[in-house]
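Encoded as structure tokens, the structure appears first; notes follow it.
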Amino acid sequence: MNGPLNITLDDIAGEASKFQQKLGAGLQTLREVDDVDFGATTREEVWRDGKVVLYRFVGERKPSARIPMLICYALVNRPYMVDLQSDRSLVKGLLERGEDVYIIDWGYPDRSDRFLTLEDYIERFLGGAIDHLRRTHGLDAVNLLGICQGGAFSLCYSALNPDKVKNLITMVTPVDFQTEDNMLSNWTQGMDIDLMVDTLGNVPADMMNLCYLTLKPWRLFVQKYVGLVDILDDRKALEDFLRMEKWIFDSPDQAGEAFRQFIKQFYQGNGFINGGITIGEREVDLGFVDMPVLNIFAEQDHLVPPDASRALKGVVGTTDYSELSFKGGHIGIYVSGRAQKEVPSAIHDWLARRAR
């Protein structure tokens, strides 16, 4: 007999049997899975300032690029997302094309970092790493790749120090923080950030993660875990899932003062568009970003909507501005199969045309 959804009792029994088989196989698979690791590429520490470390990635062949590339990631997650595993690595793709790739690791702030400011992160840490690369490579300027919040930091640094950045690449980087479809921005508008930071000191990672997860509660709290049943008998797929989960929940606390300044000046003040961003005593004017700029954004990004990134074109001072629209989401732009084919090649080819 068919029900109103054209589902028979045999269909239901078959699905129940299949579900039971998956769970049974999953128990065996889970016993075989070790603690998942991350990072596909050897790296070596080349510079340090406190908890902040600059790493150089070591590829299988010597880099052919003359100008090194520094990756600046966001503070809210660990930067190994760009080198998650061998078949999901933006870094590996860049190294295979001859780029000389470095990354800045912000570390895990603790109570001693409570009063770190945006000036510390942008001028002292990011600037210190760039100056180290300039000295060791004997160059006036380096290539800078800023991702998400790290892209906002990179824009600030490039505006304040345009002579030290040869080419600037921004990925899924918010510029207009108050587009109508930016749910995260809408949440921050009524936030009493002073009360929050004065009460908490550093902002706990668990609080930040909860905010991000509740942007898509059904997808991130329910659907993906229900879908986990389908891969319980596939060890590699299960390890990939667990590796991604490990990254999601391996989040640092946020240094309180820097968090206060970022929310006030970027989200609440929309400073890239309206003005008013100050790093230390210097005001940021993106009109001074006069080096070549490649802006990469994701079309299905729920954290940084495309319009938030596209706004960059109207505020930078460069006459050499390019955009790359990627069909995917905020995370897919690093780890999807499409991304592995498209993004490293696009970055390398764009830089190669400006290698002079």
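The values are calculated or read from the model by the stated rules, or taken from the named source; none is laboratory data. Note that the structure is predicted; figures quoted are calculated from it, not measured. Virtual Cβ from ideal backbone geometry, glycine too; neighbours counted across all protein chains shown.
Scanning the stretch 166-185 for residues that are part of a loop (DSSP other than H, G, I, E, B) and either at pLDDT below 85 or of a type in the set (S, T, N, Q) (or both) turns up Thr173, Gln178, Thr179, Asp181, Asn182. Where strands (runs of 3 or more DSSP E) fall entirely within the stretch 42-133, none has at least 3 residues that are hydroxyl-bearing (Ser, Thr, Tyr) and more than 30 Å from Thr199 (Cα to Cα).
Going by the conditions given, is Ile333 β-branched (Val, Ile, Thr), surrounded by 21 or more Cβ atoms within 10 Å (Cβ to Cβ) and in a helix (DSSP H, G or I)? Spelling it out, Ile333 is indeed β-branched (Val, Ile, Thr), surrounded by 21 or more Cβ atoms within 10 Å (Cβ to Cβ) and in a helix (DSSP H, G or I). Residues that are more than 11 Å from Phe259 (Cα to Cα) and either among the polar types (S, T, N, Q) or in contact with a Pro (Cβ under 7 Å, 6 or more places away or on another chain) (or both) were ranked within the stretch 188-203; the one that is surrounded by the most Cβ atoms within 10 Å (Cβ to Cβ) is Thr188. Scanning the stretch 36-72 for residues that are among the acidic types (Asp, Glu) and over 23 Å from Phe125 (Cβ atoms) returns Asp37, Glu60. Taking the conditions (1) out of contact with any Pro (no Cβ under 6 Å at 6 or more places or on another chain); (2) surrounded by 14 or more Cβ atoms within 10 Å (Cβ to Cβ); (3) of a type outside the set (Asp, Glu) in turn, Val304 satisfies each one other than (1). Among the conditions (1) at pLDDT below 95; (2) of a type outside the set (Val, Ile, Thr); (3) surrounded by fewer than 16 Cβ atoms within 10 Å (Cβ to Cβ), the only one that Ala298 does not satisfy is (3). Taking first residues from the stretch 140-162 that are over 24 Å from Leu303 (Cα atoms) and charged (D, E, K, R) and partners that are at pLDDT 95 or above and not in a strand (DSSP E or B), the Cβ contacts under 7 Å between residues at least 6 apart in sequence or on separate chains come to Asp140/Arg134; Asp140/Asp163. Name the residues in the stretch 106-149 that are among the small types (Gly, Ala, Ser) and in contact with a Pro (Cβ under 8 Å, 6 or more places away or on another chain), would you? Within the stretch 106-149, Gly107 is the sole residue that qualifies. Of all the residues in the stretch 51-74, those that are in contact (Cβ under 8 Å) with a residue 60 or more places away in the chain and more than 16 Å from His348 (Cα to Cα) number 6. Contact map, the stretch 329-356: first residue over 21 Å from Ala65 (Cβ atoms), second residue aliphatic (A, V, I, L, M) and in a helix (DSSP H, G or I), Cβ cut-off under 7 Å, separation 6 or more or different chains; pairs are Gly332/Ala339; Ile333/Ala339; Ile333/Val343.
Pairing each residue of the stretch 273-297 that is farther than 20 Å from Phe259 by Cβ with any residue that is charged (D, E, K, R) and not in a loop (DSSP other than H, G, I, E, B), provided the two are 6+ apart or on different chains, yields C-beta distances under 6 Å for Asn295/Glu323.
Looking at the stretch 115-122, can you tell me whether even one residue there is of a type in the set (Ser, Thr, Tyr), under 23 Å from the mean Cα position of the chain (by Cα) and closer than 29 Å to Gly329 by Cα? For the stretch 115-122, residues of a type in the set (Ser, Thr, Tyr), under 23 Å from the mean Cα position of the chain (by Cα) and closer than 29 Å to Gly329 by Cα: present. Within the stretch 309-356, being among the hydrophobic types (A, V, I, L, M, F, W, C) and touching a strand residue (DSSP E or B) at 6+ places or on another chain (Cβ under 8 Å) holds for Leu312, Val316, Leu324, Phe326, Ile333, Val335, Ala339, Val343, Ala346, Ile347, Trp350, Leu351. Please indicate, with yes or no, whether at least one residue in the stretch 188-208 is out of contact with any strand residue (DSSP E or B) (no Cβ under 6 Å at 6 or more places or on another chain), modelled with pLDDT of 80 or more and on the phi > 0 side of the Ramachandran plot. So far as the stretch 188-208 goes, yes, one or more of its residues are out of contact with any strand residue (DSSP E or B) (no Cβ under 6 Å at 6 or more places or on another chain), modelled with pLDDT of 80 or more and on the phi > 0 side of the Ramachandran plot.
The set of residues in the stretch 177-217 that are under 30 Å from Ile347 (Cβ atoms) and either small (Gly, Ala, Ser) or touching a Gly at 6+ places or on another chain (Cβ under 9 Å) (or both) comprises Phe177, Ser185, Ala205. Restricting the stretch 105-135 to residues that are in contact (Cβ under 8 Å) with a residue 12 or more places away in the chain and more than 24 Å from Tyr80 (Cβ to Cβ), the residue that is surrounded by the most Cβ atoms within 10 Å (Cβ to Cβ) is Glu119.
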